[in-house]
Amino acid sequence: METQTLIYIFVGLSFALYIGIAIASRAGSTKEFYVAGGGVNPVVNGMATAADWMSAASFISMAGIIAFSGYDGSVYLMGWTGGYVMLALLLAPYLRKFGQFTVPDFIGTRYYSKAARVVAVICLIFISFTYIAGQMRGVGIVFSRFLDVPITLGVIIGMGIVFVYAVLGGMKGITYTQVAQYCVLIFAYMVPAFFISFLITGNPVPQLGLGSTVDDGSGLYVLQKLDLVLQDMGFGAYTDGSKSMIDVFCITAALMIGTAGLPHVIVRFFTVPKASDARKSAGWALVFIALLYTTAPAVGAFARLNFIDSVQNTEYAEAPAWFKNWESNDLIAWRDKNGDGKMQLGKGEPFKGAPLFAEEAGTNGERIVQNEAADDNPNEVYVDRDIMVLANPEIANLPGWVIALVAAGGLAAALSTAAGLLLVISSSISHDLLKKTFRPKITEKGELLAARLAATAAIVVAGYLGIYPPGWVAQVVAFAFGLAAASLFPAIFMGIFSKRMNREGAIAGMVAGLSFTFLYIGWFKLWSPESNVAANWLFGISPEGIGVIGMVLNFAVAIAVAKFTNAPPREIGQLIDNIRVPRIR
Amino acid sequence: MAENRPYAPDDGVEASENEKAYWSQNIRLLWTLMTIWFVVSFGAGILFREFLDQFAIGGYPLGFWFAQQGAIYFFILLIIFYSVRMKQIERQYDLDD
């Protein structure tokens, strides 16, 4: 069967599955809508958390980023997994024992303050919308690349699917579709990874393959060969990074702490029956996540080797079919700088910026690039890093159904994360802003309706941001993690571990951490991007890692302010004692 | 709501001696495990990576292995250990859920 037909079948079947699950698990009460009734099995919740957490970025982009940055890519591997240790040990069991519906719920109650709740809602909405715009865009991109559908239509189809199960099913529907989506995405990720690992090293397990010798008779280890080949071409060694140690340290920490402070992740632990289940569930979540996260660096390294092997010094006329396919999708470009008709890879930009193609073809049949020249380096080939996962099956000559699987997997990753984000946005509006702040008299039915309306509105806004992505979307992903690390995490952490922390301290801390991080990232990413170089950074920390300093500032301000203001009321001390003990008194 | 009340260390205490003992044992365990968490990721994967890279595990330089594989395995072990150990501690203090 043709690959295109297979893709339609796989994607169509997976969508039918999601909708079927949604119809079977409609939410009838606010408790079902917000936390799936609070009775989700910890293993099931772990799987749902894994799908919730692994976004289009994890599935499509991460291996490619690692392929092109080698050791530096470790910040994502450690950063996006280490946060689960913090969740399991420091936050999840206590928040579950607290037993409400949302993250602002905890902050508002623990700090006996509507103002604290509203500040938390603002942080939450900002973090979640930044994140969700990227997911909807991811849906559109997968559609356009694999199904030849315009990005806009792809986003609209994605919106429709999410609408059905998020609005009907709430957390209940989302939980069970996320389980299905995890299965689809992990299968789609692992199958090509097994193939490519076997092809290169003779060992099908990618985690072992990356530590094995290359199956080409040279006797070299994969990483050794990669180091040699890259250094030959003028790059740094693969196993050596180019980022400074302090920056690697801070980015890793910001991603970890940010993970532990992301509302859509935290709220998943509200759905299990008991505090001890929250710990167990975080462990399962990390097992399911680690399966992909320990595979990604292997996929990255293999793909890089494969890519160099099949492109370096190859005549364009002889280039493999996938090269030309992705060239026609604008993701690869070649400019023959030295006029020898062969493609050369190297360090540096082949030309300035992303390729702008001319209508006519060049002397070798390639698409002519009109960009400004960058002739200070020998590199002739532009590659979008996302290709490393998307084109991997083609590069490794895998059958059509594997390619179809990758398309369905990418969609599953993007849709599951989008749905989780929509849910926390809608519950923070219907529950925290309406029920708990501005309209306390709203009925259960009214609140459920408000939650559905808020989810619908959030989908429309997210879709709009996906179709017309403001230029800053890609620039500010750092926002989501940095802000979560600098605002929500310290407030929740101190709320559990410090009895002395009070309303004034927590609010001052959140505002200080949030504004500092916001201004720092905003300055280097939006208002003055030309000054975004290491020499100008505070202590040499890039905007991606600055959330850590924001967090330290949050703690410092909160502790100082709390020292000079009144201790929290007696009931709060009792509340803390209560959440620290798993047994229900 | 209490106004102008100075802070007392035992404020709002509802916790029994048993619960306090449970909590301090939990805190000690957390310090140990979070230290390991820091050592395997920030320590082995970042701060001491170059030193560790002179050793190897299969084809992986050791520091690189910690940064791209090992830290993640340790994270899983830490959560499993904490989950199992806490259940025991909670039973011991008769505070399990």
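Observations on the structure shown:
- Per-residue mean of C-beta atoms belonging to partner chains within 10 Å, peptide A:276-288: 4
- Out-of-range pairs (alpha-carbon distance over 21 Å; input A:Lys243/A:Lys337; A:Lys280/A:Lys436; A:Lys97/A:Lys445; A:Lys114/A:Lys445; A:Lys114/A:Lys435; A:Lys31/A:Lys435): A:Lys243/A:Lys337; A:Lys280/A:Lys436; A:Lys97/A:Lys445; A:Lys114/A:Lys445
- Peptides A:253-263, A:204-214, A:72-82 ordered by average Cβ neighbours within 10 Å, highest first: A:253-263, A:72-82, A:204-214
- As a rough footprinting exposure proxy, the listed residues A:Cys123, A:Cys183 were ranked by other beta carbons within 10 Å of their own, and the order from fewest upward is A:Cys183, A:Cys123.
- Two-site FRET efficiency, A:Glu372 against A:Ala115, from Cβ-Cβ distance with R₀ of 60 Å, rounded to 0.05: 0.70
- For A:Lys225, a cut-off of 13 angstrom between C-alpha atoms picks up these aspartates and glutamates, skipping any fewer than 8 places away in its own chain: A:Asp215, A:Asp216, A:Asp309.
- Per-residue mean of foreign Cβ neighbours for A:573-583 is 6 (Cβ atoms of other chains, 10 Å radius).
- Fewest-first ranking of A:Glu315, A:Glu327, B:Glu17, using other Cβ atoms within 10 Å as the exposure measure: B:Glu17, A:Glu315, A:Glu327
- Expected 222 nm ellipticity per residue - DSSP helices of 4 or more, -39500 (n - 2.57), all of the protein assembly as shown, to 500: -19500 deg cm²/dmol
- Separation in nanometres of the label points that stand 7 Å from Cα toward Cβ, at B:Met34 and A:Ser242: 3.6 nm
- Geometric descriptor of chain A, per residue, is 146 Å³ (volume of the convex hull of the Cα atoms).
- Cα gyration tensor shape of the stretch A:78-143, rounded if a/c is under 1.5, else prolate or oblate by comparing a/b with b/c: oblate
- Whole-Hz ³J(HN,Hα) from phi, Karplus 6.51 cos²θ - 1.76 cosθ + 1.60, for the stretch A:80-87, glycine and proline x: 8, 10, x, x, 5, 5, 4, 4
- Charge dipole (the stretch A:302-373, unit charges on Cβ, about Cα centre) - positive-most of A:Ser328, A:Gln344, A:Ala358: A:Gln344
- Taken as Cα centroids, the stretch A:18-45 and the stretch B:38-56 sit 42 Å apart, rounded to the nearest whole angstrom.
- Going from the residue with the fewest nearby Cβ atoms within 10 Å to the one with the most, A:Ile157, A:Ile429, A:Ile127 rank A:Ile157, A:Ile429, A:Ile127.
- Modelled FRET efficiency - R0 30 Å, A:Ile559 with A:Glu444, Cβ distances, 0.05 increments: 0.15
- On the beta carbon distance between A:Val552 and A:Phe194, with R0 = 51 Å, the FRET formula returns roughly 0.75.
- Whole-angstrom gap from the stretch A:163-218 to the stretch A:335-398, using each part's C-alpha centre: 29 Å
Values quoted throughout were computed directly from the atomic coordinates according to the rules given, and no laboratory measurement underlies them. This one's a predicted model, so the numbers in the text were calculated from it and none came from an experiment. With ideal geometry, Cβ positions are generated from the backbone for all residues, glycine too; neighbour counts draw on all protein chains shown.
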